[in-house]
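Scroll down for the structure; my scribbles are underneath it.
Just so it is clear, none of the values below were taken in a lab; they were calculated from the coordinates. The model shown is predicted, which means the values in this text are computed figures rather than measured ones. Here the Cβ is made from the backbone with ideal geometry for all residues, glycine too, and neighbour counts use every protein chain on show.
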Amino acid sequence: MSTTAPPARRKDLLDIESLTREEIVFLLDTARPFKDLFDRSVKKVPALRGKTVLNLFFEPSTRTRASFEIAAKRLSADVTNLAITQSSVTKGESILDTVDTMQSMKVDYMVVRHAAAGVPAFIARHTPAAVINAGDGNHAHPTQALLDAFTMREAVGELAGRRILLVGDLLHSRVFRSVSTVARKLDMEVGIFAPTTLIPSGRPDYMQAFNTFNEALEWSPDFVYLLRLQRERQAAHFFPSLREYHHVFGLTRERFLECRRRGIRIMHPGPVNRGVELVDEVLTYEHCLINRQVENGIAARMAVLYWLQPAVTPLPDEKEEVAS
Ligand code: CP
């Protein structure tokens, strides 16, 4: 565990913006010994014994949902995955009624993913359970940013002054918003390269924009972070074709060889669109961190669950213990 005094615990984790640098560093430091557990034959600690974690995913997920479930179980919590498509939500039950119903079952943590920005924050205001945003619309994906910062630190050590280049669909990407914010808070330099139609308006001044992939690589980034093309969120045509996108914004074989020559680390939040964001060859590159990001997601989420503090009313026997 970290040797510095831990920051005061929060009830919810809704975005990176509201975390201080100290809180981020604390979470990254806390994730480290949790990762060390993974090489042991018994990968569990009793930190959340007796607590219940509810996964409430209104949108599909492979990595985040499985990662939270494994993280909670490694902390000895009980985990329930509410299958939304088989729940009473399909009969018209509102989000709040669903949350109230689950709260009646004394859930301590709710991990929420939803297609609409703001739903986890809305739920957090209505439940004493600790709420973790597992991705809301194009707003935020804070645990993705934490696991990415952990992975970058693991790869190169101190991140201040290091450079990250974010490439692709910035407009629809909650990962872009959270990763660029965590990078900024850790004093990294942030570059972007994207179709002009996929750059959000009002981007902060600290982001350096490039006109070509080659120009961006000349900037000598330590990390090239490829964002998934969010085809399910695109209501309009933002570029002529996938082939065209790959040709201009993808990590083609030629650009990959240039990254390899420079020893640049490659990252992607997954799921990958092969042949669009990158060529297959990247996935077996020694400095491709994509599988490491997935592995580290468990440690980062363990740190978050360990740190947050639900405002759940104590049970009668706990009240007595507190009173005595
Ligand atoms: N990176 C990420 O959020 O992946 P999933 O959609 O599979 O959870």
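Lys and Arg at +1, Asp and Glu at -1: add these up for the other residues within a Cβ distance under 13 Å of GLY270 and post the number.
Within the 13 Å Cβ shell, the charges total +2.
Would you look at the GNM of the chain, springs on alpha carbons closer than 10 Å, and say which of THR85, THR52, THR151 moves the most?
Between THR85, THR52, THR151, it is THR85 that shows the largest mean-square fluctuation.
Please report the equivalent ellipsoid semi-axes of segment 143-264, computed as sqrt(5 x eigenvalue) of the Cα gyration tensor, largest first, in whole Å.
Taking √(5λ) for each Cα gyration eigenvalue gives 22, 18, 13 Å.
Just from the alpha-carbon atoms, what are the Rg and Dmax of the chain in angstroms?
Considering the chain through its Cα atoms, Rg and Dmax are 20.3, 70 Å.
Dividing the Cα convex hull volume of segment 16-72 by residue count, how many Å³ per residue is that?
Here the figure is 124 Å³ per residue.
For segment 142-290, what does the relative contact order come out to in percent, with C-alpha contacts under 8 Å and a separation of six or more?
Across segment 142-290, relative contact order equals 24 percent.
Report the residue, chosen from ILE95, ILE290, ILE70, that carries the largest GNM mean-square fluctuation when the chain is represented by alpha-carbon nodes joined by springs under 10 Å.
ILE95
Counting DSSP beta bridges with both partners in the chain, what percentage is antiparallel, nearest 5?
Within the chain, antiparallel bridges account for around 5 percent of the total.
Scale the Cα Rg of segment 18-143 by the rule-of-thumb value 2.2 N^0.38 Å and send over the ratio, two decimals.
Rg over 2.2 N^0.38 Å, computed on Cα atoms: 1.10.
Report Rg(Cα)/(2.2 N^0.38 Å) for segment 80-233, keeping two decimals.
1.23
Between beta-carbons, use under 13 Å as the cut-off and find the net charge around ARG203, counting Lys and Arg +1, Asp and Glu -1.
My count for the surroundings of ARG203 gives +1.
For every other residue with a beta carbon closer than 12 angstrom to the beta carbon of ASP187, add +1 if it is Lys or Arg and -1 if Asp or Glu, then tell me the sum.
It works out to a net charge of +3.
For the chain, set up a Gaussian network in which alpha carbons nearer than 10 Å are linked by springs, and say which option among VAL175, VAL279, VAL107 fluctuates the most.
VAL279
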